[in-house]
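Since the structure comes first, as structure tokens, the remarks are kept for the end.
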Amino acid sequence: MPDARISEHFKAISSIDPSAVELWFDGKPYTWGVLRRMADSIVHTLETAGVRPGQPVAWMARNDAAMVGA
């Protein structure tokens, strides 16, 4: 997938086994499926705000598992 966007790569990887644990944060496991839902929620929020695909947005990451989905 050399020309694919990172979001497409993430969707492909997360659909292989959504129940597989992708990371541990603060002693809690996060599966690919959970991270995919977090990412989809962020996409929905951006689309609702009128952000178009490819349009740049500012992003400030916190030390939180949800940031992996972002």
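The values are calculated or read from the model by the stated rules, or taken from the named source; none is laboratory data. Nothing here was measured: the structure is a model prediction, and the numbers come from that model. Don't worry about glycine lacking a Cβ; one is built from the backbone with ideal geometry, like all the others, and counts go over all protein chains shown. SASA here: full protein model, heavy atoms, side chains in, ligands and nucleic acids out. Shrake-Rupley method; radii C 1.70, N 1.55, O 1.52, S 1.80 Å.
Laid out as a table, the results:
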| read-out | value |
| --- | --- |
| Subset of region 15-32 that is charged (D, E, K, R) and closer than 23 Å to Arg62 by Cβ - its residue that is least open to solvent (accessible area, probe 1.4 Å) | Glu22 |
| Search result, residues across region 5-14 that are open to solvent by less than 70 Å² (accessible area, probe 1.4 Å) and not aliphatic (A, V, I, L, M) | Ser7, Phe10, Ser14 |
| Near pairs, Cβ below 9 angstrom, 6+ apart or cross-chain, from region 40-64 (more than 20 Å from His9 (Cα to Cα)) to any residue that is part of a loop (DSSP other than H, G, I, E, B) and of a type in the set (D, E, K, R) | Asp64/Asp26 |
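Yes/no per residue for (1) open to solvent by less than 70 Å² (accessible area, probe 1.4 Å); (2) modelled with pLDDT under 90; (3) not in a helix (DSSP H, G or I):
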| site | (1), (2), (3) |
| --- | --- |
| Val34 | yes, no, no |
| Met38 | yes, yes, no |
| Ile42 | yes, yes, no |
| Gly50 | yes, no, yes |
| Gly54 | yes, yes, yes |
| Ala58 | no, yes, yes |
| Ala61 | yes, yes, yes |
| Asp64 | yes, yes, yes |
